[in-house]
Amino acid sequence: MALDIKNILSKNLKVDYEKIVIKGFEEEEEKEVSSNYPKLREWDHKLLSYFKPFYSPLCSLCCLCTYGKCDLSKNRKGGCGINLEKQQARIVLLACCMGAATHTSHARHLLEIALKKNPNLKLKTSRDIQVIAPITTTVTGIKPETVKDLAKILDMIEREITMLLAATHTGQEGDSIDFESKALHAGLLDNIAKEIGELIQISLYDLPFGEEDVHFVEIGLGTIEKEKPVILCIGHNIAPGAAIIDYLEELGIEDKVEVCGLCCTAIDISRYSKRAKIVGPLSRQLTFILSGTADVVVIDEQCIRNDVLEICSSMDIPVIATSEKASFGLPDLTDEEPDKIIRDLLTKKYPGALIRDEDKVGEVAVRLALILKEQKKRIGLDLRDKQVLESIKECTECGWCNRVCPAMLPIKEAMVEAKKGNLEPLSNIYEKCVGCGKCVEFCERNIKLVDLYRVAAKERIKNEKFKVRAGRGPVTDVEIRKVGAPIVFGDIPGVILFAGCDNYYNGNDLPLMAEEFLKRGYIVVATGCSSMAIAFYKDKDGKTLYEKYHGVFDRGGLLNLGPCLANAHAIGAAIKIANIFAKLPLEKNFPEVADYILNRIGVCAVAWGAMSQKAAAIATGANRWGIPVILGPHGSKYRRLYLGEEKLRKIKDRRTGELIDTEPAPLHLIYAAESLNEAIPLIAKLCIRPNDTPKGRLIKLTHYIDLSKKYLGYIPEDIHLYIRNEREIPYQYKEEVKKILKEKGWKPREAPKEPSIL
């Protein structure tokens, strides 16, 4: 159409616009994106009527305002009127808000990079994946196609996190269940933020998107080639690591420099480049830095030790910070020329630098590592290791190391043996150490104990070479169509997600749990540090579980979905089962989808290590979808669990409209297990659902009883709650189970056709 424009006279005119509105052709005003929290709150109250919050305060004081330290014990109230129950719920909400804000800020950073590099970037698609953002679509009704679409959703998340944080202020929310509802909402916002961040990085860096046959990645301290310059990336943001790899490829020296990572950055750079290596998960951070292997350390955001600059400075390792969220007091040299930054770091004018331009980070890190490698003498590190061993003589056997170790490792006893010349116990400590460094801080002789474990295990570390599949991204629709019915009906006994940090006692816990369920035909998916921890184990043939089991979302499959952000894919898979198999519409249909997952999809998550606030948000977000989560022995320190009652539960059969008695399945929404022996049978139990067919229930009960007998030594006492008729009793346990049923006064009952709590 022609435009009639008159009387314009200009010189050097520049017009910059995003949208032109022509009279008569005005666009409809865009509606504000919303999650519709009031409707979701109704679901929360219904959910929490079945799963009651249980609080375990770390202390009974509230110290959040200037009323002072209010003692809330013995049913006392604080100066603002708050009691201990409400205060614990408030603290949980704060933790979940921190976690949600962390992933949201991460997604925002990736969005800004994407808009800078390609403002019209379209999100990656696949013919095997119809809905690329199932969480976002279910909650907001939006099916994003470009990064600009994601910007609107991020605006919504940031707006609602602000509302949730405001509720924690003194004199705001006054009900514990509403605090919990807001915590669940923070978890859901965290889900959406993770999905957005993952979609952006997959699209911007062309990462795997639902690929079954992804490449293997080398993982472990022993895989790092120390002869080369070593650049270590720590954190969770792919951008700096990708820029380092790009610069190396630009120079054509990608095989001359070792680029490795810790935590989720490691997973992402190894998705981006097959040459990148993974040192390991969070628990390996302190050990690897103290080894002096890295020539340059690049930090981005999340899960960075607070003393990383202090430790690196003591070893003359320059640190490059790349985010305002983790600046570490370093000078901002973003606007300086690379030559000047390198000169300042080489002359030790600064111990490191904050560089907010990822491309400049790539150049500086590579050039710096090449120069420092030439200067560094490995003999100095060998001498340092000898000095570390000499410190054994300083031990007074005071026992402080044992008292403060969160994993309760026998450190003092290992030191006693080491003084006799036996380093084996110290070497064993290395394999179980969670890398927190508390033993070092409390040692009255200032012995660098964590470093000592590493030196004692030096020969073992040389052989610490494992393989993990690269993060594959989402589960495809093709895979869902194949397994939807078997999962819902119980023929595939369950889907288990291992997520969260790996800093737990006994490094073999996660691989042992994973293999126990893999060989029984469960589908196992893993993300973040847990996906790495599962790789640190080999069978008698020298194979890791990733080499031993296939990577397809099907019976007996082990999938590495990717970094922490990829937890969104695990929830997305459950959503897609409801959508593809049950034909449930997604758009703004959260309660229906969550109700379906809770009552019909046998999925359970395990977060075994002591975790950060963002892991609390991850777990709470899963809970809102009706997905139960098992925490490890440190889990009660989060102060709140969601526990159900061990008795028959009344729910609605939507086909008949009647309220009927059914099993408490899942029994709990979030539960802290004290040991691996307690956790494994519980995982099997939490995969039981009211919708199981008789055959499916028989399969699930067989595993539940098998695992209870294997790890606890007896048939579970609550078995009568889960048997609806005698056909569901596992044949090999028929006589024993019938005896229990008779003692409990068990009677057969009908299974609901369409179980629901709505």
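The values are calculated or read from the model by the stated rules, or taken from the named source; none is laboratory data. Given the structure is predicted, the values throughout are model-derived calculations rather than measurements. Ideal geometry is used to build each Cβ from the backbone, glycine not excepted, and the neighbour counts take in all protein chains shown. Only protein heavy atoms, including side chains, enter the accessible area calculation; ligands, DNA and RNA are left aside. Shrake-Rupley method; radii C 1.70, N 1.55, O 1.52, S 1.80 Å.
Of all the numbered requirements in (1) crowded, with 20+ Cβ neighbours inside 10 Å; (2) over 18 Å from the mean Cα position of the chain (by Cα), Leu115 misses one, and that requirement is (1).
With respect to Lys124, is the statement that it is open to solvent by 20 Å² or more (accessible area, probe 1.4 Å), among the basic types (Lys, Arg) and part of a loop (DSSP other than H, G, I, E, B) true? Yes: the conditions hold for Lys124. Looking at Ile523, Ile534, just one residue is free of Cβ contacts under 8 Å to residues at least 60 places away in the same chain and open to solvent by less than 20 Å² (accessible area, probe 1.4 Å), and that residue is Ile523. Pairing residues of segment 665-689 that are touching a residue at least 12 places away in the same chain (Cβ under 8 Å) and among the small types (Gly, Ala, Ser) with residues that are surrounded by fewer than 23 Cβ atoms within 10 Å (Cβ to Cβ) and part of a loop (DSSP other than H, G, I, E, B), at Cβ distances under 6 Å and at least 6 apart in sequence or on separate chains, gives Ala679/Ala673. Tell me whether segment 176-195 contains one or more residues that are at pLDDT 95 or above, aliphatic (A, V, I, L, M) and open to solvent by 40 Å² or more (accessible area, probe 1.4 Å). Scanning segment 176-195, I find at least one residue that is at pLDDT 95 or above, aliphatic (A, V, I, L, M) and open to solvent by 40 Å² or more (accessible area, probe 1.4 Å), so the answer is yes. Whenever a residue of segment 358-375 is among the small types (Gly, Ala, Ser), it has no partner that is part of a helix (DSSP H, G or I) and modelled with pLDDT under 95 lying with C-beta atoms less than 6 angstrom away and at least six residues away or across chains.
In this structure, is Lys647 in contact (Cβ under 8 Å) with a residue 24 or more places away in the chain, in contact with a strand residue (DSSP E or B) (Cβ under 8 Å, 6 or more places away or on another chain) and open to solvent by 40 Å² or more (accessible area, probe 1.4 Å)?
No; evaluated as a whole, the condition is false for this residue.
Listed here are the residues, each with its yes/no results for (1) buried (at least 22 other Cβ atoms within 10 Å of the Cβ); (2) of a type in the set (S, T, N, Q); (3) at pLDDT 95 or above.
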residue	(1), (2), (3)
Arg367	no, no, yes
Gln375	no, yes, no
Gly421	no, no, no
Ser427	no, yes, no
Cys433	yes, no, no
Val455	yes, no, no
Glu459	no, no, no
Lys467	no, no, yes
Gly471	yes, no, yes
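Quick check: is even one residue across segment 289-307 surrounded by fewer than 23 Cβ atoms within 10 Å (Cβ to Cβ) and touching a strand residue (DSSP E or B) at 6+ places or on another chain (Cβ under 6 Å)? Within segment 289-307, one or more residues are surrounded by fewer than 23 Cβ atoms within 10 Å (Cβ to Cβ) and touching a strand residue (DSSP E or B) at 6+ places or on another chain (Cβ under 6 Å). All but one of (1) modelled with pLDDT of 95 or more; (2) part of a helix (DSSP H, G or I) hold for Gln732; state the number of the condition that does not hold. Gln732 satisfies all of (1) modelled with pLDDT of 95 or more; (2) part of a helix (DSSP H, G or I) except (1).
Out of segment 31-60, which residues are open to solvent by 60 Å² or more (accessible area, probe 1.4 Å), touching a Lys or Arg at 6+ places or on another chain (Cβ under 8 Å) and more than 18 Å from Phe179 (Cβ to Cβ)? The one that is open to solvent by 60 Å² or more (accessible area, probe 1.4 Å), touching a Lys or Arg at 6+ places or on another chain (Cβ under 8 Å) and more than 18 Å from Phe179 (Cβ to Cβ): Asn36. Take segment 679-729 and flag every residue that is outside any loop (DSSP other than H, G, I, E, B), over 14 Å from Gly602 (Cβ atoms) and of a type in the set (Gly, Ala, Ser). Passing the criteria: Ala679, Ser708.
Selection of segment 675-714 for residues being surrounded by 17 or more Cβ atoms within 10 Å (Cβ to Cβ) and of a type in the set (Val, Ile, Thr) yields Ile680, Ile683, Ile688, Ile699, Thr702, Ile705. Under the condition of being in contact with a helix residue (DSSP H, G or I) (Cβ under 8 Å, 6 or more places away or on another chain) and either farther than 23 Å from Ile113 by Cα or in a strand (DSSP E or B) (or both), the residues counted in segment 257-282 number 12.
Please verify whether segment 458-475 includes one or more residues that are touching a residue at least 12 places away in the same chain (Cβ under 8 Å), more than 30 Å from Gly521 (Cα to Cα) and among the β-branched types (Val, Ile, Thr). Checked against the condition, which is being touching a residue at least 12 places away in the same chain (Cβ under 8 Å), more than 30 Å from Gly521 (Cα to Cα) and among the β-branched types (Val, Ile, Thr), segment 458-475 yields at least one hit.
May I ask you to verify whether Thr168 is part of a helix (DSSP H, G or I) and either open to solvent by 40 Å² or more (accessible area, probe 1.4 Å) or among the polar types (S, T, N, Q) (or both)? Considered against the rule, which asks whether it is part of a helix (DSSP H, G or I) and either open to solvent by 40 Å² or more (accessible area, probe 1.4 Å) or among the polar types (S, T, N, Q) (or both), Thr168 comes out as no. For segment 650-674, the candidate set comprises residues that are among the charged types (D, E, K, R), open to solvent by 10 Å² or more (accessible area, probe 1.4 Å) and outside any strand (DSSP E or B); within that set, the residue that is nearest to Tyr704 (Cα to Cα) is Glu674.
For Val147, indicate whether it is crowded, with 21+ Cβ neighbours inside 10 Å and without any contact (Cβ under 8 Å) to a residue 60 or more places away in the chain. Spelling it out, Val147 is indeed crowded, with 21+ Cβ neighbours inside 10 Å and without any contact (Cβ under 8 Å) to a residue 60 or more places away in the chain. From the list Leu510, Leu497, the lone residue that is crowded, with 24+ Cβ neighbours inside 10 Å and more than 28 Å from Ala578 (Cα to Cα) is Leu510. Taken over segment 196-209, the residue count meeting the criterion of being open to solvent by 10 Å² or more (accessible area, probe 1.4 Å) and either in a helix (DSSP H, G or I) or without any contact (Cβ under 8 Å) to a residue 40 or more places away in the chain (or both) is 3. For Ser636, the conditions (1) in a helix (DSSP H, G or I); (2) touching a helix residue (DSSP H, G or I) at 6+ places or on another chain (Cβ under 7 Å); (3) open to solvent by 20 Å² or more (accessible area, probe 1.4 Å); (4) more than 28 Å from Leu207 (Cα to Cα) all hold with the exception of (2). Among the criteria (1) outside any loop (DSSP other than H, G, I, E, B); (2) free of Cβ contacts under 8 Å to residues at least 60 places away in the same chain; (3) buried (at least 18 other Cβ atoms within 10 Å of the Cβ), the one Gly78 does not fulfil is (1).
Is it true that some residue in segment 605-613 is under 16 Å from the mean Cα position of the chain (by Cα), modelled with pLDDT of 95 or more, at negative phi and not basic (Lys, Arg)? Yes: segment 605-613 contains one or more residues that are under 16 Å from the mean Cα position of the chain (by Cα), modelled with pLDDT of 95 or more, at negative phi and not basic (Lys, Arg). Taking (1) open to solvent by less than 70 Å² (accessible area, probe 1.4 Å); (2) of a type outside the set (A, V, I, L, M, F, W, C); (3) farther than 27 Å from Leu497 by Cα in turn, Lys738 satisfies each apart from (1). Selection over segment 487-513 of residues that are in a helix (DSSP H, G or I) and more than 18 Å from Ile627 (Cα to Cα) gives a count of 5.
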